[in-house]
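One structure is given here, and the rest of the page talks about it.
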Amino acid sequence: MSTLLKHLNNTTISSFLLFSITLALLLIACYGGKYLFQRRQGKDNLGDTETSIVLGAILSLLALMIGFVLSISIQGFDERQKTEQNEAIAIGSAYQYSKLLDAENQIQVRQLLDQYLAVRIDFFLADPNESITDIKRHSLALQSQVWDIIIGLNKQPSKIDLSLVMSAYNELYSSQQKTYASWKVKIPNAAWLLLITFAFSTNMLIGYNIRGMKGHNWLILILPILTTLALFIIADIDTPGEGIINFTPDNLLSIKQSLA
């Protein structure tokens, strides 16, 4: 059982797949609740008090859970934006401190920083089908080359305080690792399973309450569609680098434009 739960939480859920599955399940729940309980329509029990109480309670819990996971996904989105801003600050500082180096090393370092800036922009703009691992590896390789130059200077007599320069370039690594730490989904799959279970139960009870009414009952579609859209938006925000809701690295692009 523990292995199954571990595998469930380690599996990334696509927001579009979640949208399709959830909408299908909730529509089945609504119409299933309506037609499975049609036998009781002859008892004139449409205003069943107990069902209304249970439905109201589950609706309230579902709304609370949706609001809670929405706040978690938005916090994760804001965190990813802040890490991009921190990377831009770190790269800008590295460019400024490169002016303290001698002409030859300054040229080499700035060329490496130009490449590093381009790679970090590629990371934030990467298509989900692209290999993020290659971009990470390239970033670390460029950082290593910059460090080799700074360490080489540290072994030689110098008129400048290289500790400040080393601190600035160390921030490149720190900010990048913070980005990778934030570049993960915040909502576990077990929470999605609980949300879908509550949504399924709620829509089935709504179908139960609307049983026996004449016509096609198009209003029965409102809650499944709205619930599915809410869950889709939450999943889309929570999944970095995928879906329709993403952000552009405006701070990094601004540095690139200013250097150009």
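On the phi < 0 side of the Ramachandran plot, touching a residue at least 24 places away in the same chain (Cβ under 8 Å) and open to solvent by 30 Å² or more (accessible area, probe 1.4 Å): does that describe LEU70?
The answer is yes for LEU70.
With the requirement that a residue be among the aromatic types (Phe, Trp, Tyr) and either open to solvent by 80 Å² or more (accessible area, probe 1.4 Å) or more than 16 Å from VAL165 (Cβ to Cβ) (or both), what does the range 100-145 give you?
So in the range 100-145, the residues among the aromatic types (Phe, Trp, Tyr) come out as 116, 123-124.
Within the range 100-145, PHE123, PHE124 qualify.
If I go through the range 101-139 residue by residue, how many of them are out of contact with any Gly (no Cβ under 9 Å at 6 or more places or on another chain), outside any loop (DSSP other than H, G, I, E, B) and farther than 21 Å from ILE255 by Cβ?
Residues meeting the conditions: 5.
Restricting attention to the range 92-136, which residues are of a type in the set (Lys, Arg) and over 32 Å from the mean Cα position of the chain (by Cα)?
Correct list: LYS99, ARG110.
Take the residues of the range 231-254 that are open to solvent by 30 Å² or more (accessible area, probe 1.4 Å) and assigned to a helix (DSSP H, G or I): which is nearest to ASN189 (Cα to Cα)?
This residue is ILE233.
Would you check if LEU205 is in a helix (DSSP H, G or I) and modelled with pLDDT of 90 or more?
In short, no.
Let me confirm something: among THR228, THR179, which residue is modelled with pLDDT of 90 or more, in contact with an Asp or Glu (Cβ under 7 Å, 6 or more places away or on another chain) and either open to solvent by 70 Å² or more (accessible area, probe 1.4 Å) or in a helix (DSSP H, G or I) (or both)?
Exactly one of THR228, THR179 is modelled with pLDDT of 90 or more, in contact with an Asp or Glu (Cβ under 7 Å, 6 or more places away or on another chain) and either open to solvent by 70 Å² or more (accessible area, probe 1.4 Å) or in a helix (DSSP H, G or I) (or both), namely THR179.
The values are calculated or read from the model by the stated rules, or taken from the named source; none is laboratory data. Worth saying up front: this structure is predicted, and the values here are computed from it rather than measured. All Cβ positions, glycine included, derive from the backbone under ideal geometry; neighbour counts span all protein chains shown. Each accessible area value is taken on the protein alone, full model and side chains, heavy atoms only, with ligands, DNA and RNA left out. Shrake-Rupley method; radii C 1.70, N 1.55, O 1.52, S 1.80 Å.
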